[in-house]
1. Check the straight Cα-Cα distances from residue 143 and name the lysines below 23 Å, setting aside those fewer than 8 residues away within the same chain.
2. Using a 1.4 Å probe, what is the accessible area per residue for the chain, in Å²?
3. Tally Lys and Arg at +1 and Asp and Glu at -1 over the other residues with C-beta under 9 Å from the C-beta of residue 463: what net charge comes out?
4. So, with +1 on the Cβ of K and R and -1 on the Cβ of D and E, and no other charges, what is the size of the charge dipole of segment 188-269 about its Cα centre, to the nearest 20 debye?
5. Under a Cβ-Cβ cut-off of 15 Å, what is the net charge of the residues other than residue 103 that fall near it, where Lys and Arg count +1 and Asp and Glu count -1?
6. Could you tell me the distance between the Cα centroids of segment 426-440 and segment 472-490, to the nearest Å?
7. May I ask you to list the residues of segment 367-402 whose amide nitrogen lies under 18 Å from a point 7 Å from Cα along the Cα→beta-carbon direction of residue 15?
8. Quick one: of the DSSP bridges fully inside the chain, what percent are antiparallel, nearest 5?
Amino acid sequence: MWKFLNPIKHAIPETRWPSAEEAARSLLFKPVRIGSSELTSRTWVPAMVPWRATEDGFVTQANIDWYSRFAAGQPGALVVEATGVRDIPSGPLLRIGDDRFIPGLRQLVEAVRKASEGRTRLFIQIIDFLAVKRRPDQEKYFKRFLRITDRHRRTLAKTSNDQSWLGRDEAEVRAFLASTSDEALEHILDERELESLRFGYRERVTDTELTHVHELPQVLPGIFAAAAGRAREAGFDGVELHYAHAYTMASFLSARNTRSDGYGGRREDRVRLPLEVYRSVRECVGDDYIVGVRFLGDEVIERGNRIDDATYFGVEFARAGLDFLSISKGGKFEDAQQPKVGQAVYPYTGKSGYECMPTTLSDEIGPFGRNVPQVAAIKRAVNAAGFNTPIVASGGITTFEQAEGILRRGEADLAGLARQALADPDWFMKVRLGRGEEIRRCTYTNYCEALDQAHKQVTCKLWDRTGLDGPEVSLATDKRRRLLPPRWEL
Ligand SMILES: Cc1cc2nc3c(=O)[nH]c(=O)nc-3n(C[C@H](O)[C@H](O)[C@H](O)COP(=O)(O)O)c2cc1C
Ligand code: SF4
């Protein structure tokens, strides 16, 4: 986990919870219109990957139980985890890249509807990502993965002053590289080869020499549209296009996207594919279906997007007709820490990762409502351009006072609570019924995120060890953690 140099430990904010009457009068619990639909309140649970799908990407009973448990708290909207739009293996993450995934997803929708008594709208976040390989063992990398070229031979000849390298065969070059020092490798390998050795091979949207990357603008609109069509068929109330964090669409938006085919460089060109994907989705699902987007208020990496890029994109998304804008921050590969050999780089381990899921070990600003300035700036720009597209804020929102304050000040239209909802999915119900004192408060120390990083079933440290031997309690594969929070009796 990334840390500030001299971190300040922040306490969880003390608060006064509202009575049921105050909650009823609040903005937070007033309905809000999103596209063609209405949410019962302005509360939102952003996408969180729980690592509960089958290895083939199908919905499991554990997925259904997970989302039903969130739905029982009756938030206004619940967003199902990042779900792959392609039909390719991606471990126990949900997929929607083929019709065979529809029946499982439909069961999930029905379970959420029942558990929330119809009070929660259910969206699904749809995602595309490029290849990321695990960090290789050094010996294997030189024996098998590195492609030996004449550039390597020329550099070896030059750095050793020995022209015979120019004619040496591949095995000799490999053997030499495997045995030479790290310092020498810095001169012989190029930047990408060094990265593949130290972090694992990772594709970028700028690798246009690869046919499948070059063709992304031609193939992605259709793939996203087909996925959205399946979401509609499965009964979801809408889709959230995942244009945030470290994945394909965010990489097209990024200021680091230098593609020269009209899909990179200037902001107008970087937003082109995201808009083409949206139009294709819209054409497939029709005007009466909710299509929103999640994107970044700031990429938090060098040479990355800042708030002026984000406000530009926000206005363009609103102009195009997206039904909601959900704002996140950071979560990039570019500043991620080096993984251990055999593990894949995780885009939430650098400063940008900190900003995505801030903890209480922070700077003077602290983790609470840390994204609100960016969200408010995007909202101002969107409203000034004449659009009233609802905007969702998330990032360290944990109390009623805080959420209500953000809405009252007009900084956002909806309040998203991810980790706080994970710690206690009944937050929404408890606040609405005037029983806020009973909320299990998230401590923002990211035990859940560490589980995500390790690709383990995500749980919260606050409910893990409670009533493990209860008759209806299902346990994680390690048998030490309960898979769902304890039940709250009304
Ligand atoms: C375990 C875990 C999984 C997450 N998975 C996703 C995801 O699939 N898609 C996404 O956009 N954000 C994901 N996030 C980020 C959250 O949606 C949210 O933006 C972030 O946690 C900050 O909000 P919070 O402070 O309310 O937790 C995840 C966060 C956690 C803790
Ligand atoms: S594990 Fe920690 S950070 Fe995650 S939801 Fe629970 S209390 Fe919050």
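1. Of all the lysines, those that pass the test against residue 143 - Cα under 23 Å, at least 8 places apart if same chain - are 133, 158, 340.
2. 43 Å²
3. Its environment carries a net charge of +3.
4. So the dipole magnitude of segment 188-269 works out to roughly 180 debye.
5. For residues surrounding residue 103, the net value is 0.
6. Measuring centre to centre over Cα atoms gives 20 Å.
7. What the label zone holds, given the 18 Å backbone N cut-off, is 367-373, 392-402.
8. DSSP beta bridges in the chain are roughly 20 percent antiparallel.
The values are calculated or read from the model by the stated rules, or taken from the named source; none is laboratory data. Every value quoted in this text rests on a predicted model; they were computed, and no experiment measured them. Ideal geometry is used to build each Cβ from the backbone, glycine not excepted, and the neighbour counts take in all protein chains shown. Note: accessible area is taken over every heavy atom of the protein model, side chains too, but ligands, DNA and RNA are not part of it. Shrake-Rupley method; radii C 1.70, N 1.55, O 1.52, S 1.80 Å.
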